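Okay, structure first, notes after.
The values are calculated or read from the model by the stated rules, or taken from the named source; none is laboratory data. This one's a predicted model, so the numbers in the text were calculated from it and none came from an experiment. Backbone-built Cβ (ideal geometry, glycine too); neighbour counts: all protein chains shown. To get the accessible areas, we keep the full protein, side chains included, count just its heavy atoms, and leave off ligands, DNA and RNA. Shrake-Rupley method; radii C 1.70, N 1.55, O 1.52, S 1.80 Å.
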Amino acid sequence: MMKRVWRISEFQKCINTRYIITKPSLPLQFIRHVTQSPGIDDGKHTTLSDIVSLFSDKWSHNPAETILKKNLREKVSKLKDELLTQNEDPEKIEKVLEENGVALFRIYSDGSAVVELLFQLKSFPYLAMEVFSWRRKQLDYSAPMTVEEYAKGIAMAGRLKNIDLALELFKEASNKQLMATSLFNALMSAYTYNGLAMRCQSLFRDLKMESTCSPSIVTYNILISAFGRLMLVDHMEATLREVKDLNIPPTVNTYKGLIAGYITAWKWEEMEKTYRLMKAGPIKPDIDIHLLMLRGYAHSGKLEKMEEIYDMVREHVDQNEIPLIRTMICAYCRNSRVGRVDKVDELLRLIPEDEYRPWLNVILICLYAREDLLDQMENSIKEAFEHKAYVTTVGVMTCIISSYFRQNAVDKLADFVQRAECAGWKICRSLYHCKMVMYSSEKRLSEMERVLCEMERVNMRLSKKTFWILIKAYKKWGQRSKLEQVVGMMCKHGYGVPLDACNL
């Protein structure tokens, strides 16, 4: 017993002085010499966490391990910040890695520093791949790459849509006898990200045949996501049944993949059912699940439930989810609910000016047009002209015209038509017919007749309806001679003439 106590006390001394055991199998430049560190906070060595983990059942070591991980993140973060200032210049990146990266990676020869750096560069995939390529070429000969490093590299290649590189890395790791479930998961994720669901499924079957590793819940989550993206709901649900049959506990990502798949396939009832199961079960919805439900309720037009979820995640959405705010705006625009314009305007204030989207601009034009809010509609039209956006559908143009007509704003309509012609917007006959009718109602016959010249200028022929508008105008205001001219033109074009056309 006394010997055991002495050994533990000696081990504690080792922790306090932090002696690091060298690995003689590594070349000299990667051997970590025996050193004595001033204290835990500098975090220069990580092998301590590996040693302490062996005694996890003896005493609590979590605080020290947490500090070590924090130190690793901080060191890597400094390297990341320096890399980001190099403007993705390969030569400059290589220089920074040689000067500051090599020493760091020598200390963490288990690959944890490289993995952490690739994780922190997730939002910069091109830079991350440059770092990975350097690691692969420059350091692999002396500190062999780990499974986790290969997995990160495969995932990054997938995000860059370089499937050939992802497959090459997978085979390279396989040839080094580094087969692990994480490698299969990484390649399956790359396939899923690039819409290659069948290849993802094929790789899954290969994994099930492997003797050294087997599918994990992460693997099944990736498969569920792959099927969900392609709206293969039956395949997605069959995968979930397999998970249950194998007694593999699902995770929040399992439900996330299911809900996302149901939203893609517009299976609103199944979406809500899955959400209710989560709320009633041990795995509670997280922020990502709530964001998915917010999107699902917006697409399905269930505004009350959408607003209920929005109230739960309002702060996060307002600050981080501009695309989701646009989706909510679209939901209000599709609905005829009273007060929808106020809701839309409130959400619009959350979108920065540099987040302009032409399609949303057009939707807002139609919203204000249907609500006969002429000023707001014209402001949105002006914004579209300024951003050189253009409308290509007759339906939108008709919606705009109808609003001008109901407001009896013929001069504003005339100005709009002129600008729409110059901007390349969809030009339809209704634009000119509406102007003619409105000019006629105000007895502005000369301006009505000039519309005919405008139609000729844009190579738009006169239709039977055009002549009918002229006949009604001239009859209304007693212009017999002009009325007879129009009747003659109708006969010339082969249109039928009403019997009472010349009766004033």
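Residues in the stretch 346-376 that are surrounded by 16 or more Cβ atoms within 10 Å (Cβ to Cβ) and of a type in the set (Ser, Thr, Tyr): how many?
Within the stretch 346-376, residues that are surrounded by 16 or more Cβ atoms within 10 Å (Cβ to Cβ) and of a type in the set (Ser, Thr, Tyr) number 1.
Might you check whether a residue that is within 21 Å of Asn253 (Cβ to Cβ), free of Cβ contacts under 8 Å to residues at least 40 places away in the same chain, in a helix (DSSP H, G or I) and not hydrophobic (A, V, I, L, M, F, W, C) occurs anywhere in the stretch 175-184?
yes
May I ask you to verify whether Leu165 is touching a helix residue (DSSP H, G or I) at 6+ places or on another chain (Cβ under 7 Å), open to solvent by 20 Å² or more (accessible area, probe 1.4 Å) and either small (Gly, Ala, Ser) or not in a helix (DSSP H, G or I) (or both)?
Against the criterion (touching a helix residue (DSSP H, G or I) at 6+ places or on another chain (Cβ under 7 Å), open to solvent by 20 Å² or more (accessible area, probe 1.4 Å) and either small (Gly, Ala, Ser) or not in a helix (DSSP H, G or I) (or both)), Leu165 does not qualify.
Within the stretch 328-338, is there a residue that is modelled with pLDDT of 95 or more and charged (D, E, K, R)?
No, there is no match, as no residue in the stretch 328-338 is modelled with pLDDT of 95 or more and charged (D, E, K, R).
Taking the stretch 346-375, which residues are closer than 22 Å to Ala409 by Cβ, charged (D, E, K, R) and part of a helix (DSSP H, G or I)?
Arg370, Asp375
May I ask you to list pairs of residues, at least six apart or on different chains, whose Cβ atoms are under 6 Å apart, with the first in the stretch 425-442 being of a type in the set (Phe, Trp, Tyr) and the second being open to solvent by 10 Å² or more (accessible area, probe 1.4 Å) and part of a helix (DSSP H, G or I)?
As it stands, the answer is Tyr439/Glu447, since those pairs meet every condition given.
Which of the residues that make up the stretch 309-335 are under 15 Å from Asp286 (Cα atoms) and surrounded by 14 or more Cβ atoms within 10 Å (Cβ to Cβ)?
First, the residues of the stretch 309-335 that are under 15 Å from Asp286 (Cα atoms): 309-317.
Those that are under 15 Å from Asp286 (Cα atoms) and surrounded by 14 or more Cβ atoms within 10 Å (Cβ to Cβ): Ile309, Tyr310, Met312, Val313, Val317.
Applying the selection to the stretch 191-225, what residues are small (Gly, Ala, Ser), part of a helix (DSSP H, G or I) and within 23 Å of Ile263 (Cβ to Cβ)? Let's see the steps before the verdict.
Keep residues of the stretch 191-225 that are small (Gly, Ala, Ser), which gives 195, 197, 202, 211, 214, 216, 225.
Still in the list and also part of a helix (DSSP H, G or I): 197, 202, 225.
Of everything in the stretch 191-225, those that are small (Gly, Ala, Ser), part of a helix (DSSP H, G or I) and within 23 Å of Ile263 (Cβ to Cβ) turn out to be Ala197, Ser225.
How many residues are within 25 Å of Thr393 (Cα to Cα), in contact (Cβ under 8 Å) with a residue 24 or more places away in the chain and open to solvent by 60 Å² or more (accessible area, probe 1.4 Å) when one looks only at the stretch 443-471?
Total satisfying the criteria: 2.
What are the residues in the stretch 245-282 that are among the polar types (S, T, N, Q) and not in a helix (DSSP H, G or I), if any?
Asn247, Thr251
Which of (1) open to solvent by 80 Å² or more (accessible area, probe 1.4 Å); (2) of a type in the set (A, V, I, L, M, F, W, C); (3) farther than 23 Å from Met236 by Cβ does Met306 not meet, given it meets every other one?
All conditions pass for Met306, except number (1).
In the list Lys343, Lys256, Lys244, Lys284, which residue meets the criterion of being without any contact (Cβ under 8 Å) to a residue 40 or more places away in the chain, out of contact with any Cys (no Cβ under 7 Å at 6 or more places or on another chain), closer than 24 Å to Met231 by Cα and open to solvent by 70 Å² or more (accessible area, probe 1.4 Å)?
None of the others qualify; the one that does is Lys244.
Taking Ala197 as meeting all but one of (1) among the small types (Gly, Ala, Ser); (2) open to solvent by 10 Å² or more (accessible area, probe 1.4 Å); (3) within 24 Å of Ala157 (Cβ to Cβ), write down the number of the exception.
Result: Ala197 passes all but (2).
Could you identify the single residue in Lys152, Lys80 that is crowded, with 18+ Cβ neighbours inside 10 Å, basic (Lys, Arg), under 24 Å from Lys171 (Cα atoms) and modelled with pLDDT of 85 or more?
Result: Lys152 is the single residue among Lys152, Lys80 that is crowded, with 18+ Cβ neighbours inside 10 Å, basic (Lys, Arg), under 24 Å from Lys171 (Cα atoms) and modelled with pLDDT of 85 or more.
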